[in-house]
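Working notes, structure below.
Coordinate-derived values only; no laboratory data. The shown structure was predicted, so the numbers you read here are calculated from the model rather than taken from an experiment.
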Amino acid sequence: MKKIILILKIIINILLIGYPVVVFCSLHYGYFDLAIFCLIIIFILRLLTQSADRSQLYWFGKIMPFIGLFFAISSWLFTQYQLLLYYPVMVNTVLLTLFLYSLKKPPTIIERFARLKYHDLSQTEIRYTRLVTICWCYFFLFNGSIALITCFMDNLAWWTLYNGGISYVLIGLLMGVEWLLRKKRPQ
């Protein structure tokens with residue numbers, strides 16, 4: 001049973017990463033109602049397969065499906081696909097809030113990730129994880145702002161390009177640069 005849930009979680013996460021492409025294709029090819037139905041099912045499954053962990057990331061995993069459901073159901077009720085475009089904005093807003101909160105109430109999110117591999121961190125390493133968390137906060141502010149601008153552009157192709165492509169490239173670049181900097185830091 002655990003294996004099935006794990007596979008289901010992987011499929012759901014892949015579909016959520018592809019959210020902008022799903023929205024674009026459904027609207028471009030005229031399958032609005034089918035897309036809404038599929039998104040509602042995906043968000044419900046995400047809620048049902050969420051682990052019982054009570055970490056800060058747990059709350060992200062719980063709140064995002066509710067936000068997704070709100071946008072999907074509202075889009076269907078008001079027949080306004082534009083509401084679907086705001087989901088990436090909310091993802092960045094919630095992540096920014098979560099990372100800022102972890103700065104106020106340590107350990108930071110990045111420190112938690114670091115402790116998954118290295119249980120004992122020095123004060124220097126903890127300060128470094130704090131700086132990386134701050135860097136991610138700026139990234140989420142920037143990324144969410146651009147995502148919001150693409151919502152106002154009223155151009156689904158540009159929205160999809162940024163939120164379904166460029167945004168992920170920028171995330172990868174930030175992760176790569178941080179990894180390179182971490183490797184160059186004296187231990």
Listed residues Phe37, Phe78, Phe99; largest mean-square fluctuation, Gaussian network over the chain with Cα springs below 10 Å, found at Phe78
Among Lys104/Lys183; Lys2/Lys62; Lys105/Lys184; Lys62/Lys105; Lys3/Lys183, the pairs whose Cα-Cα distance exceeds 23 Å are Lys104/Lys183; Lys105/Lys184; Lys3/Lys183
Most fluctuating of Asp33, Asp120, Asp154 in the GNM of the chain (C-alpha, under 10 Å) is Asp120
Cα-based Rg and Dmax for the chain, in Å, come out at 18.0, 56
Inter-part gap, Cα centre of segment 76-90 to Cα centre of segment 112-187, in whole angstrom, is 25
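Which whole DSSP H helices in the chain pass both tests: a Cα extent of 27 Å or more along the axis and a mean Kyte-Doolittle value no lower than -0.5?
56-78, 123-152
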Rounded to the nearest 500, the 222 nm mean residue ellipticity computed for the chain from DSSP H runs (n ≥ 4, each -39500 (n - 2.57)) alone is -26000 deg cm²/dmol
